[in-house]
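Undergrad: This is the structure I want to talk about, given as structure tokens.
The values are calculated or read from the model by the stated rules, or taken from the named source; none is laboratory data. This is a predicted model, so every value here is computed, not measured. In this analysis, Cβ positions are derived from the backbone assuming ideal geometry, glycine residues included, and neighbour counts consider all displayed protein chains.
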Amino acid sequence: MQTATSAESQVPAVLAGPILRKTLPDRLCFWLAVRAPASVRLELFPPDAPVQTHELEPHSQELACLKAGEQLCYLMIDLHLETALPKETLVGYRLSLKLSDDPAGAWQDHEAWAEDLCYPGWDTPFLRVPDKVSSVMHGSCRKPHSRCSDGLVAADRLVAGLLTSPDAADRIANTLPELLVLSGDQVYVDDVAGPMLQAIMFLTGALGLPDETFDGPEEGLPNSGTQLRETGGCLYHRDRLLPRIDQKSTVFDVLFGGTNKPVFTSAHARNHLITLGEMLCMYLLVWSPAAWRILPGFTVPESLDDKDRDMYAREQDTLRDFVEGLSGVRRLLAHLPTAMIFDDHDVTDDWNLSLAWEDAAYAHPLSRRVIGNALIAYGINQGWGNRPARIREDLEHLFETALAQPGSGAHEAVIDQILGYEKWDFVWPTDPPLIALDTRTRRWRSERNAHYPSGLLDWEAATDLQTHLKGQDAVLLVSAAPIFGVKLIEVVQKFFTLIGKPLMVDAEYWMAHPGTASAILNIFQHRDTPKHFVILSGDVHYSFVYDVELRNGHSARHRTAPVGPKIWQICSSGIKNKWPDRLIAVLDRGNRLAFSPRSPLNWLTKRRGMRIIPRKPHGTPGGRRILNASGIGVVELDNQGAPTQILQVTADGKSHAFERREAEARLD
């Protein structure tokens, strides 16, 4: 295998990015991962206006620079413009870098480090500042080694098609998405393919990331990340390194009912990432083809048994297709303003599902370290671009400390602060505004039973949401888990919760916790609430759409006009993940039969005074209301912020419009 030392000279100037984050008339934000600290020159080319040129130095007010290793730095550009950009216009931009390790000190633009960054017909990337948001792309759950195709590649093809069609000028003005919303599981820290783990471990050495040590490691756990890498990384056996709970403890009995199960509850945790360096490298490998080009050719480790060797071969084939699509993914992210919020797999499966889970996970030093590392990596790679100024002020110095001294006492102190941070949610001042909820760290713990699922939003967070909603006519609300879900699946989750097994079915849904359910429904019915709520969700690995009308007791009985706003629950999941086809077909049919408008079971299980109108995805077999296919969601909006068309563009290029089925409306 090629050594890290021999690969150092091959590290590209840009390892990931540029990722366009926020676009406002007077403010632009970009994120990049680069080989060395760099100065930045950003040229903007608005039509029929002078070129704007901005040169930024690292560590300045408008260019943050984080050094993560000998050959890995992060740049966060937060540029305030004196001359505002025109709205609803494609503005070309050229982003050039002058790297500190370049002896020539020359400026290098995308032609030097990403020749394939531009769409056909363009010499530079472009951006657009929307006047009103008329089209949004959204999705979640992108697992690189899932056998389905990548929905972000389909999204890139869709944008390319809009730009090259005969009526491109009209189509761009009307349908080119103004936003890309990623609503969780952008990475799977807890479920990594064998070949991907090999690539990650190689990169930690090739990029010169500091070694992370473990004080008092678990039996069998190497004492540092370097030793873990040099001993093969415990490929397909990392679940043996992760902490297990004492079988005699009360928490253990509550969580797992007496079975010997690790704190980390993913069924696929055999390659769970552990060190901060590993998690940083994961992001480089899922967002860009650049880092893949310096990797050696990996072979199946001789230490694997036959079963694991077969799995390795299958994953290798799947990852080969994944990597081939990364050029398009990088191009897409360079053009569409991208909002991101975490869900559990960005950190670990079942993250903060219940108070009992938290008591078990945070009480153990290693599990606490792993969770903290994942949250630091999220903050650097995803969270920062959502709130550039706030995250920089609050967390930049913590990021610097953790990156410089992984495994130290200072690193542990950073984790303590990161775990208590409560500003991951964000609001973008688009029209309508985009409001992303933190449904993972601001949870409402159950007061009835520690193993019951926590509410997805606590009282303080619900109050904050109400404040953001005041004075708005419409809103784009991002909730990783659907607020209004598929009823049969929620009934199954409730059953397993009642018998003390919520972890078996990921029993995380909004209506599971009485306090959270009441809070969010009261918000919807408040007299000052917006008239239109478009809820963008993911998490569940299938796609569906409900129109929701909230009613008080009188209107629910007499079918009078709905009380409250018009609500569209739109779930697009996954970008690269899905359920087994036969299983989802059974659940879809069971849900339609058990909870049809005339079903006695539906009347016996009515819950909240709602009227639910399902939508049918066009072209699905057997009348299904659930679409089980990887892809990307597209929502087109009118001037009032109401959807005019809701689509799921699948990775195979098909487009499924969701059609409202008024005759199937049910009271719930």
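Undergrad: Restricting to the range 194-240, give me the number of residues that are within 16 Å of Leu366 (Cβ to Cβ) and not in a loop (DSSP other than H, G, I, E, B).
TA: Residues flagged as within 16 Å of Leu366 (Cβ to Cβ) and not in a loop (DSSP other than H, G, I, E, B) within the range 194-240 amount to 8.
Undergrad: So, one more: Collect the residues in the range 49-87 that are in a loop (DSSP other than H, G, I, E, B), in contact with an Asp or Glu (Cβ under 9 Å, 6 or more places away or on another chain) and surrounded by 14 or more Cβ atoms within 10 Å (Cβ to Cβ), keeping them in residue-number order.
TA: Glu62, Glu70, Gln71, Leu81, Leu85, Pro86
Undergrad: With closer than 23 Å to Ile584 by Cβ and of a type outside the set (S, T, N, Q) as the only criterion, which of Ala461, Ala481 stands out?
TA: Result of the check over Ala461, Ala481: Ala481.
Undergrad: Which residue pairs have Cβ atoms closer than 6 Å, lie 6 or more positions apart in sequence or on different chains, and pair a first residue in the range 649-668 that is in the same structural domain as Pro617 (by TED's automatic domain parsing) with a second residue that is surrounded by 14 or more Cβ atoms within 10 Å (Cβ to Cβ) and modelled with pLDDT under 90?
TA: Final answer for the pair search is none.
Undergrad: Yes or no: Asp156 modelled with pLDDT of 95 or more and part of a helix (DSSP H, G or I)? Don't jump to the end; show me each part of the working.
TA: Values: modelled with pLDDT of 95 or more: yes; part of a helix (DSSP H, G or I): yes.
When the stated conditions are applied, Asp156 passes them.
Undergrad: Report yes if some residue within the range 272-279 is in a loop (DSSP other than H, G, I, E, B), of a type in the set (S, T, N, Q), modelled with pLDDT of 95 or more and farther than 22 Å from Ser146 by Cα; otherwise report no.
TA: Yes, the conditions are met somewhere in the range 272-279.
Undergrad: Now for a separate question. Within the group Leu336, Leu319, Leu332, which residue is aliphatic (A, V, I, L, M) and either in a loop (DSSP other than H, G, I, E, B) or touching a Phe, Trp or Tyr at 6+ places or on another chain (Cβ under 6 Å) (or both)?
TA: Testing whether each residue is aliphatic (A, V, I, L, M) and either in a loop (DSSP other than H, G, I, E, B) or touching a Phe, Trp or Tyr at 6+ places or on another chain (Cβ under 6 Å) (or both) leaves just Leu336.
Here is a yes/no grid of residues against (1) buried (at least 19 other Cβ atoms within 10 Å of the Cβ); (2) modelled with pLDDT under 80:
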| position | (1), (2) |
| --- | --- |
| Asn602 | no, yes |
| Thr605 | no, yes |
| Arg608 | no, yes |
| His618 | no, no |
| Gly631 | yes, no |
| Val635 | yes, no |
| Thr644 | no, no |
| Val649 | yes, no |
| Glu664 | no, no |
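Undergrad: For residues in the range 159-180 being under 14 Å from Leu637 (Cα atoms) and in a loop (DSSP other than H, G, I, E, B), which is modelled with the lowest pLDDT?
TA: Filtering first and then ranking leaves Leu176.
Undergrad: Out of the helices (runs of 4 or more DSSP H) lying entirely within the range 346-461, which hold 3 or more residues that are among the small types (Gly, Ala, Ser) and surrounded by fewer than 18 Cβ atoms within 10 Å (Cβ to Cβ)?
TA: Working: elements: 355-362, 365-378, 388-404, 409-419.
Answer list for the range 346-461: 409-419.
Undergrad: For the range 283-313, which positions are part of a loop (DSSP other than H, G, I, E, B) and of a type in the set (Asp, Glu)?
TA: Glu302, Asp305
Undergrad: Exactly one condition in (1) more than 18 Å from Leu197 (Cβ to Cβ); (2) under 15 Å from the mean Cα position of the chain (by Cα); (3) of a type outside the set (Lys, Arg) is not met by Tyr362; state its number.
TA: So the condition that Tyr362 fails would be (2).
Undergrad: Continuing with the same structure: Let me confirm something: among Val486, Val475, which residue is at pLDDT 95 or above and at negative phi? Step through it out loud before you land on a result.
TA: Values: Val486 fails: at pLDDT 95 or above.
After applying the criteria, what remains is Val475.
Undergrad: Scan the range 84-110 and report the pairs whose first residue is at pLDDT below 95 and whose second residue is charged (D, E, K, R) and outside any strand (DSSP E or B), with Cβ atoms within less than 6 Å and a gap of 6+ or a chain change.
TA: Lys87/Asp131; Glu88/Asp131
Undergrad: Any residue in the range 39-51 that is modelled with pLDDT of 95 or more and closer than 20 Å to Leu398 by Cα?
TA: So far as the range 39-51 goes, no, none of its residues is modelled with pLDDT of 95 or more and closer than 20 Å to Leu398 by Cα.
Undergrad: Oh, and also: Going residue by residue through the range 564-585, is there one that turns out to be modelled with pLDDT under 80 and touching a helix residue (DSSP H, G or I) at 6+ places or on another chain (Cβ under 7 Å)?
TA: yes
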